[in-house]
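Structure record follows, encoded as structure tokens.
The values are calculated or read from the model by the stated rules, or taken from the named source; none is laboratory data. Note that the coordinates shown come from a computational prediction; the quantities given were computed from them, not determined experimentally. With ideal geometry, Cβ positions are generated from the backbone for all residues, glycine too; neighbour counts draw on all protein chains shown.
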Amino acid sequence: MVSSEVHPPAESWVEVPGVSDLAQGEIVTTRVAGEFIAVCNADGVVRAFRDECPQCALPIGGGRLLGELLWCAGCVEPFDVPAGGVGRKRARLRLTARSLTVSGGTARIALSA
């Protein structure tokens with residue numbers, strides 16, 4: 001028996017405006033499919049994270065980006081952006097990363113199905 005059921009892809013990519021031209025040291029927060037996402041450019045490395053600090057639960061997009069470190073405005077925990085959002089003081093802490101691609105001037109974030 002052949003199934004005609006169509007299964008959605010494991011991830012769907014959503015275009016996010018205003019991210020492809022993000023300047024170094026800049027953070028932008030956007031909402032994608034009901035989830036707030038913080039996108040930052042740390043010394044040329046652009047990454048996307050769920051907009052929530054794992055230590056204090058405040059929005060990480062309200063923090064400061066200094067070099068490769070994204071500092072939470074609430075608990076002042078530094079997170080290493082190029083290393084995927086690992087806490088520098090407490091390595092057990094990690095930002096929730098979101099897959100991001102920039103191609104042809106268009107940025108897209110992957111959301112799990």
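Just checking, how many residues over segment 64-89 are within 13 Å of the chain's Cα centre (by Cα) and either surrounded by 21 or more Cβ atoms within 10 Å (Cβ to Cβ) or in a loop (DSSP other than H, G, I, E, B) (or both)?
Counting residues in segment 64-89 that are within 13 Å of the chain's Cα centre (by Cα) and either surrounded by 21 or more Cβ atoms within 10 Å (Cβ to Cβ) or in a loop (DSSP other than H, G, I, E, B) (or both) gives 7.
Step by step: first the residues of segment 91-113, then only those that are in a loop (DSSP other than H, G, I, E, B) and exposed (fewer than 14 other Cβ atoms within 10 Å of the Cβ), then the one that is modelled with the lowest pLDDT. Which residue is that? Break it down stepwise before answering.
Just the residues of segment 91-113 that are in a loop (DSSP other than H, G, I, E, B), to begin with: 91-93, 95-96, 99, 104-105, 113.
Retained after the next criterion (residues that are exposed (fewer than 14 other Cβ atoms within 10 Å of the Cβ)): 91-92, 99, 104-105, 113.
Working: A91: 88, R92: 93, S99: 93, G104: 84, G105: 84, A113: 50.
By that ranking, first place goes to A113.
Can you pull out every residue in segment 51-63 that is among the hydrophobic types (A, V, I, L, M, F, W, C) and either under 13 Å from the mean Cα position of the chain (by Cα) or not in a loop (DSSP other than H, G, I, E, B) (or both)? If you could, list the steps in order and put the result at the bottom.
Let us first name the residues in segment 51-63 that are among the hydrophobic types (A, V, I, L, M, F, W, C), namely 53, 56-58, 60.
Of everything in segment 51-63, those that are among the hydrophobic types (A, V, I, L, M, F, W, C) and either under 13 Å from the mean Cα position of the chain (by Cα) or not in a loop (DSSP other than H, G, I, E, B) (or both) turn out to be C53, I60.
So which residues in segment 22-41 are in a strand (DSSP E or B), surrounded by 13 or more Cβ atoms within 10 Å (Cβ to Cβ) and not small (G, A, S)?
Passing the criteria: I27, V28, T29, T30, V32, E35, F36, I37, V39, C40, N41.
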